[in-house]
Amino acid sequence: STQRGFQVKVEKTNWNDIGGLESVKKQLIQAVEWPLKYRDTFTRLGLKPPRGILLYGPPGCSKTTLVKVIATTSGAAFLSINGAELYSPFVGDSEKIIRSTFQRARSSTPSVIFFDEIDAIVGKRSFDKGNSNSFSGDSVQERVLSMLLNEMDGIEIVNNVLVVGATNRPDMLDDALLRPGRFDKLIYIPPPDLIARKEILKIHTSEMPLSDDVDLNVIAEQAEFYSGADLKNLCRESAMIALREMMNTTNVKMTDFQNALHVAKPSLTVEIIKSY
Ligand code: ATP
């Protein structure tokens, strides 16, 4: 059953679909998988598992994918809400969506509620009607935020529900979300380094017939400032270029990648990366 802005789905993604990010994977396994899997041990040791974890970092660097994988491999139900879509007129009553998502999460534990673009849930409000000083306490965003905070505060540790948020704009988040007991664990998801870029290229070309001259090392070096999503796009573009030449060839060649680098550009810059 899938509705816009409110989806329950289990996807067949796994750790092998994510290139690089070794230390992030370890952190996430500790922060997300352990509390879900070893809840009794946590309790016995007097450890309070986190309720909310916030992943932040530049766009297209696999925040969403990481959470899906971790939910799947932990055997947890994965419920996802997109902060921006939440206010779409097609979605309906935003508060109701929050409430019913938490309800569903509680009735199918262990579960992970994922808020993608969580900054959009309240981040918008500073631009509301161009007047940043007059937050009316009853704007939709205000009500949705307080509903979310209430639900998070109401999660008992025994409920075994974990809330994970993702944002490219941590600076836009309402402070109330970052208080203890809410999103109190922050994990930075960095852009891919050279080794990660090579792994990501490998993943997204794994089903492509590559000609022998294709050197993913070289492409990874040339692809500085490419996010994971940019690299995926680059691979697609290379295949599209090869497709246009399919009369003479059956493989994706190094020149296709070189041409694709001019078309599929990176979305990251030094400034963007430094801003985190
Ligand atoms: P955004 O912040 O824009 O929502 P995100 O950080 O959540 O992006 P995803 O949506 O998970 O990123 O990734 C975008 C796409 O890029 C995915 O389809 C994924 O396949 C690919 N991708 C990103 N990073 C990686 C990676 N490290 N390894 C493999 N694929 C990646």
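Within segment 244-264, residues that are at negative phi have Cβ atoms under 6 Å from residues that are assigned to a loop (DSSP other than H, G, I, E, B) and at pLDDT 90 or above in these pairs: Asn251/Pro209; Asn251/Ser211; Val252/Met208; Lys253/Ser211; Met254/Asp213; Met254/Val214, counting only partners at least 6 apart in sequence or on another chain. For the residues Val263, Val252, the requirement of being over 19 Å from the mean Cα position of the chain (by Cα) and under 30 Å from Thr167 (Cα atoms) singles out Val263. Against the numbered list (1) surrounded by fewer than 19 Cβ atoms within 10 Å (Cβ to Cβ); (2) not in a helix (DSSP H, G or I), Met240 comes up short only at (2).
Please determine whether any residue of segment 40-61 is modelled with pLDDT of 85 or more, open to solvent by 40 Å² or more (accessible area, probe 1.4 Å) and closer than 27 Å to Pro191 by Cα. The answer is yes; a qualifying residue exists. The C-beta contact set for segment 172-199 (first residue farther than 15 Å from Gly60 by Cβ, second residue in a loop (DSSP other than H, G, I, E, B) and among the basic types (Lys, Arg), distance under 8 angstrom, 6+ apart or interchain) comprises Ala176/Arg182; Gly181/Arg51; Arg182/Arg51; Asp184/Arg51. Taking segment 133-227 and the helices (runs of 4 or more DSSP H) fully enclosed by it, the elements with 1 or more residues that are more than 16 Å from the ligand (Cβ to nearest atom) are at 140-154, 216-222. Scanning segment 12-29 for residues that are outside any helix (DSSP H, G or I) and of a type in the set (Ser, Thr, Tyr) returns a single hit, Thr13. Suppose we keep only residues that are farther than 10 Å from Phe114 by Cα and away from the ligand (no atom under 11 Å from the Cβ) within segment 62-81. Which one would you say is surrounded by the fewest Cβ atoms within 10 Å (Cβ to Cβ)? That would be Gly75. Within segment 251-272, does at least one residue satisfy the condition of being aromatic (Phe, Trp, Tyr), more than 23 Å from Thr65 (Cα to Cα) and not in a loop (DSSP other than H, G, I, E, B)? Yes, that holds for at least one residue. Tell me, please, whether a residue that is open to solvent by less than 60 Å² (accessible area, probe 1.4 Å), in contact with a strand residue (DSSP E or B) (Cβ under 8 Å, 6 or more places away or on another chain) and modelled with pLDDT of 95 or more can be found in segment 188-206. Within segment 188-206 (the criterion being open to solvent by less than 60 Å² (accessible area, probe 1.4 Å), in contact with a strand residue (DSSP E or B) (Cβ under 8 Å, 6 or more places away or on another chain) and modelled with pLDDT of 95 or more), the answer is yes, since at least one residue qualifies.
The values are calculated or read from the model by the stated rules, or taken from the named source; none is laboratory data. None of these values were measured; they are calculated from a predicted model. Glycine gets a Cβ as well: all are built from the backbone with ideal geometry, and neighbour counts include every protein chain shown. Calculation scope for accessible area: heavy atoms of the full protein, side chains included, ligands and nucleic acids excluded. Shrake-Rupley method; radii C 1.70, N 1.55, O 1.52, S 1.80 Å.
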